[in-house]
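Reviewing the structure listed below.
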Amino acid sequence: MIAALDIGLKRIGTAISPDGKTVLPQTAILRKNRNQAALEVNHFLKEWEVDTLVIGLPKGGSSEAEMKRRIEHFVALLDFSGRLYYQDEYGSSLEAKEMMFGKVKQKRDGKVDSIAAQVILQRWLER
């Protein structure tokens, strides 16, 4: 199973691809602290028997280095021994918001984050 994470400071968007073609957004993980979030991500990875994990990483922008450092630190907390890839996530949240236009009233429920993870995984599969 292939999965993607869109790691943010408040929410972690999740998506899976059971067949390497179709990508399905999953429930986002609300982040209270990094240890709780890592525990929930580990549960997600085990539940779906993920062997390939794609992590969205911001390229460009003034905070690129800081976000890269934070994301890599978070990934180091995960109990994951499968294949790990990083994918440029530039514009994925904006693309997710456009895909959701008119469908979501509550922006903080994580749906946009998981659609962003879906976009990241689709990009990775199409590369």
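In table form, for the structure just shown:
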{"read-out": "Sequence of Asp19, Asp88 once ranked by neighbouring C-beta atoms within 10 Å, starting from the fewest", "value": "Asp19, Asp88"}
{"read-out": "Protection-proxy order for peptides 74-86, 44-56, each taking the mean of Cβ atoms within 10 Å per residue, highest first", "value": "44-56, 74-86"}
{"read-out": "Rel. contact order, % - alpha carbon contacts under 8 angstrom, at least six apart, the stretch 1-78", "value": "32 percent"}
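Every read-out reported here was derived from the displayed coordinates using simple, explicitly stated rules and does not represent laboratory data. No experiment lies behind these values; they were computed from the predicted model shown. Neighbour counts are summed over all protein chains in view; Cβ atoms, including those assigned to glycine, are modelled from backbone coordinates with ideal geometry.
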